[in-house]
1. Kindly list, by first and then second residue, each pair from a residue in region 89-115 that is within 19 Å of residue 73 (Cα to Cα) to a residue that is loosely packed, with under 11 Cβ neighbours inside 10 Å, limited to pairs with Cβ atoms under 8 Å and residues at least 6 apart or on different chains.
2. Residue by residue through region 160-173, note down the ones that are in a helix (DSSP H, G or I), in contact with a strand residue (DSSP E or B) (Cβ under 9 Å, 6 or more places away or on another chain) and surrounded by fewer than 21 Cβ atoms within 10 Å (Cβ to Cβ).
3. Which of the residues belonging to region 11-25 are buried (at least 21 other Cβ atoms within 10 Å of the Cβ) and outside any strand (DSSP E or B)?
4. Within region 28-44, restricting attention to residues that are in a loop (DSSP other than H, G, I, E, B) and touching a helix residue (DSSP H, G or I) at 6+ places or on another chain (Cβ under 7 Å), which residue is nearest to residue 105 (Cα to Cα)?
5. Looking at region 144-159, is at least one residue assigned to a strand (DSSP E or B) and over 19 Å from residue 10 (Cα atoms)?
6. Would you point out which residue out of 112, 102 is assigned to a loop (DSSP other than H, G, I, E, B), surrounded by fewer than 15 Cβ atoms within 10 Å (Cβ to Cβ) and in contact with a strand residue (DSSP E or B) (Cβ under 8 Å, 6 or more places away or on another chain)?
7. Quick one: residue 155 ticks every box in (1) more than 17 Å from the chain's Cα centre (by Cα); (2) surrounded by 14 or more Cβ atoms within 10 Å (Cβ to Cβ) bar one, so which box is it?
8. Taking the stated definitions as given, is residue 39 buried (at least 16 other Cβ atoms within 10 Å of the Cβ), in contact (Cβ under 8 Å) with a residue 12 or more places away in the chain and under 20 Å from residue 118 (Cα atoms)?
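Bear in mind these aren't lab numbers, they're just calculated from the coordinates by the rules spelled out. Just so we're clear, the structure is a prediction, and the values are computed from it rather than from any experiment. A quick note on method: Cβ atoms are made from the backbone with ideal geometry, for glycine too, and the neighbour counts reach across all protein chains shown.
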């Protein structure tokens, strides 16, 4: 398991959130686990209820993400909401969406929260890594009064853009 600290985009400074890290790797049963840990989450906006439905536009609120690139310009985007909703998309070039990606199995998403720590744990079938050479770990965090922050391993531009190919900096194990 590896843990990676994400940085917020300097144009979108968070309010009370003071850290976001992602631990990822394969677990004993062969699945891939991603555990997003958000520190200072007292003002984070979280969805109400629980669902496992595929849902578009999760990035408009608090959402944790994984991008997987094949190294040849094609990539997949996965969005995970703390309430269990998810989305997955296929792209054949920069922001050139070719449709939904159907994962081998519906992502399993669990949320735990404490006084100032939020963890969202996602399990994916290991087959989701097939063909991927590099990954990007990202998140969108909404805090009270609509304050948004955008988190990634790397921010190459003046605006947050998780689709930018130079964001895919993490070799897929």
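1. That search, which allows pairs on different chains as well, returns 89/99; 90/99.
2. Across region 160-173, the qualifying residue is only 165.
3. Listed by number, the residues that qualify are 14, 17.
4. Within region 28-44, the match that is nearest to residue 105 (Cα to Cα) is 31.
5. Within region 144-159, none of the residues are assigned to a strand (DSSP E or B) and over 19 Å from residue 10 (Cα atoms).
6. Only one candidate passes the filter, namely 102.
7. (1)
8. Spelling it out, it is not the case that residue 39 is buried (at least 16 other Cβ atoms within 10 Å of the Cβ), in contact (Cβ under 8 Å) with a residue 12 or more places away in the chain and under 20 Å from residue 118 (Cα atoms).
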